[in-house]
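A short write-up of the structure that comes next.
The values are calculated or read from the model by the stated rules, or taken from the named source; none is laboratory data. From a predicted model like this one, the values you see are computed outputs, not experimental measurements. Ideal geometry is used to build each Cβ from the backbone, glycine not excepted, and the neighbour counts take in all protein chains shown. Only protein heavy atoms, including side chains, enter the accessible area calculation; ligands, DNA and RNA are left aside. Shrake-Rupley method; radii C 1.70, N 1.55, O 1.52, S 1.80 Å.
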2 protein chains.
Amino acid sequence: MQISELARRAGIPVATVKYYLREGLVPPGELTGATRARYGEEHLARLRLVRALLGPGRLSVATARAVLAAVDDPGTSVHEALGAAHRALPGVGVDGAPDLDEARAHLRRWGWRVAADSPALLALAGALDALRTAGSPPPDGLLDRYAAAAGRLGEQDVADIPAGSLVEAVRFVVVNTVLLEPVLLALRRLAQEDASRRRFPDGRPSGAEGR
Amino acid sequence: MQISELARRAGIPVATVKYYLREGLVPPGELTGATRARYGEEHLARLRLVRALLGPGRLSVATARAVLAAVDDPGTSVHEALGAAHRALPGVGVDGAPDLDEARAHLRRWGWRVAADSPALLALAGALDALRTAGSPPPDGLLDRYAAAAGRLGEQDVADIPAGSLVEAVRFVVVNTVLLEPVLLALRRLAQEDASRRRFPDGRPSGAEGR
DNA sequence: TGACATTGGGAAGTTCCACTATCCAACATT
DNA sequence: AATGTTGGATAGTGGAACTTCCCAATGTCA
């Protein structure tokens, strides 16, 4: 398969495929001459993964490269690879050094143990900080409920990781970490909408929902 | 308070405040002369909210404007306002028209009822689509578990909405919808890290977690 | 009162990002 | 031999989020 067919099958312009090759998101094809290279099914799969990470996954090209590097070089253990993936991912845009202590205290209360420099910890602290400066500190108990739900999810996510091949496990971890986030957020909003409909039946006749 | 003090107290450059004023994210101050305007505490609060939405909330300026419009004009009911906020928010970058039927079938199974054109529904369908084209359809049962967790969260989110003032309710809804998302994602990653540590104790001596 | 700094407002410039377009010489195909 | 495609490189584009610059009007201090 040459680049034009690869691009066509992936549904994106050739110029964009070249761009991804240049950026190192997709490995180069096998050169069969100075102006010819051959690509295989694995290139197509990689391309689709890249598009999923950049689009729905909302990763930047630079972040995607870092995440894919973790996929390509799955260190020595799944736990390590998960750490690498998390480190590559953009937490929340944290400006200064938010108050890590509060976040750490929560974790201790929930019995969660994570690395001292875990990026997710920083992200949590930053997000809590943002809520506070936005003038809406989370109501009492809300955080605990969120933690309970997140705990179940994380537990299941990890339980689902295929134990066999390390490479496969890493790919699974990365894809599930990144691409299930939009799913989770969409589900939460849908649940909110359903709950809101039940709590606020709303007097408006019909079409109240229209724009 | 004049613009320079407003900017200083919010911790951002004056030019940026002017930019937000121009973009309509922050209402204009009260003019006290041709080259003088007065701002109050409510402007400061609004500015902080804007920064939280643009930063940790990851909203674009255009999206933030739409979301804030819902805050400023809280229609006639909380349910409606929540719909407006959801509509303004960026679901997942959905390209074509993904397969809504599958997503709808799931909702029916969970007993959730939402508007036919709910943006979250579109987002869910798009996210599932992305997972599939990325070559990693969610394992059996995973979606149900995610829905169960999301259901509890959405239920609680809605239960927490203050019933008194409509304006206050809308602000609460918007802030909680947008700013709790990073919190939820961070919590999930932390839970994953904790679960992964327990499942993969990992032979590496110490420092395996280092960069 | 006069010198100086600040303000609101607008236009233009900057930086970054994710592409996209154009070129070119080397090939392959007809 | 003519034509078209390719890999590779360089430059250009359009959008987003600021940032800089400028102005006349105005406040403020000496």
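Determine whether A:Arg152 is open to solvent by less than 70 Å² (accessible area, probe 1.4 Å), charged (D, E, K, R) and under 21 Å from the mean Cα position of the chain (by Cα). Walk me through it before giving the result.
On the way: open to solvent by less than 70 Å² (accessible area, probe 1.4 Å): no; charged (D, E, K, R): yes; under 21 Å from the mean Cα position of the chain (by Cα): yes.
Answer is no for this residue.
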Can you work out which of the residues in segment B:1-53 that are touching a Leu at 6+ places or on another chain (Cβ under 7 Å) and touching a residue at least 60 places away in the same chain (Cβ under 8 Å) is nearest to DNA strand C (Cβ to nearest atom)? B:Leu53
Selection count where residues are in a loop (DSSP other than H, G, I, E, B) and within 8 Å of DNA strand D (Cβ to nearest atom), scope segment A:15-29: 2
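Within segment A:104-208, considering only helices (runs of 4 or more DSSP H) that don't extend past its boundaries, which have at least 3 residues that are in contact (Cβ under 8 Å) with a residue 60 or more places away in the chain?
Values: elements: A:119-133, A:142-160, A:166-199.
Fully inside segment A:104-208 and qualifying: A:166-199.
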So if I check each of A:Leu53, A:Leu47, A:Leu59, which one is open to solvent by less than 40 Å² (accessible area, probe 1.4 Å), facing chain B (nearest Cβ under 9 Å) and away from DNA strand D (no atom under 11 Å from the Cβ)? A:Leu53
Looking only at segment B:159-188, which residues are within 7 Å of chain A (Cβ to nearest Cβ), of a type in the set (Val, Ile, Thr) and within 20 Å of A:Thr177 (Cα to Cα)? B:Val183
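Filter segment A:62-72 for residues that are open to solvent by less than 40 Å² (accessible area, probe 1.4 Å), near DNA strand C (Cβ under 10 Å from one of its atoms) and either away from chain B (no Cβ under 14 Å) or not small (Gly, Ala, Ser) (or both) and give the result. Can you show your working first?
Residues of segment A:62-72 that are open to solvent by less than 40 Å² (accessible area, probe 1.4 Å), as a first pass: A:63-64, A:67-68, A:70-71.
Checking which are near DNA strand C (Cβ under 10 Å from one of its atoms) leaves us with A:63-64.
Scanning segment A:62-72 gives a single hit, A:Thr63.
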Sole residue being under 25 Å from A:Ala64 (Cβ atoms) and facing chain A (nearest Cβ under 9 Å), chosen from B:Gly135, B:Gly83, B:Gly75: B:Gly135
Please work out which one of (1) closer than 24 Å to B:Arg152 by Cβ; (2) more than 7 Å from every other protein chain (Cβ to nearest Cβ); (3) open to solvent by less than 10 Å² (accessible area, probe 1.4 Å) is the condition A:Ala105 fails and give its number. (3)
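Could you pull out the residue among A:Val167, A:Val174 that is modelled with pLDDT under 90, farther than 20 Å from B:Asp140 by Cβ and crowded, with 22+ Cβ neighbours inside 10 Å?
On the way: A:Val167 fails: crowded, with 22+ Cβ neighbours inside 10 Å.
From the options A:Val167, A:Val174, the qualifying one is A:Val174.
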Out of segment B:1-39, which residues are surrounded by 12 or more Cβ atoms within 10 Å (Cβ to Cβ) and among the small types (Gly, Ala, Ser)? B:Ala7, B:Ala10, B:Gly11, B:Gly24, B:Gly29, B:Ala37
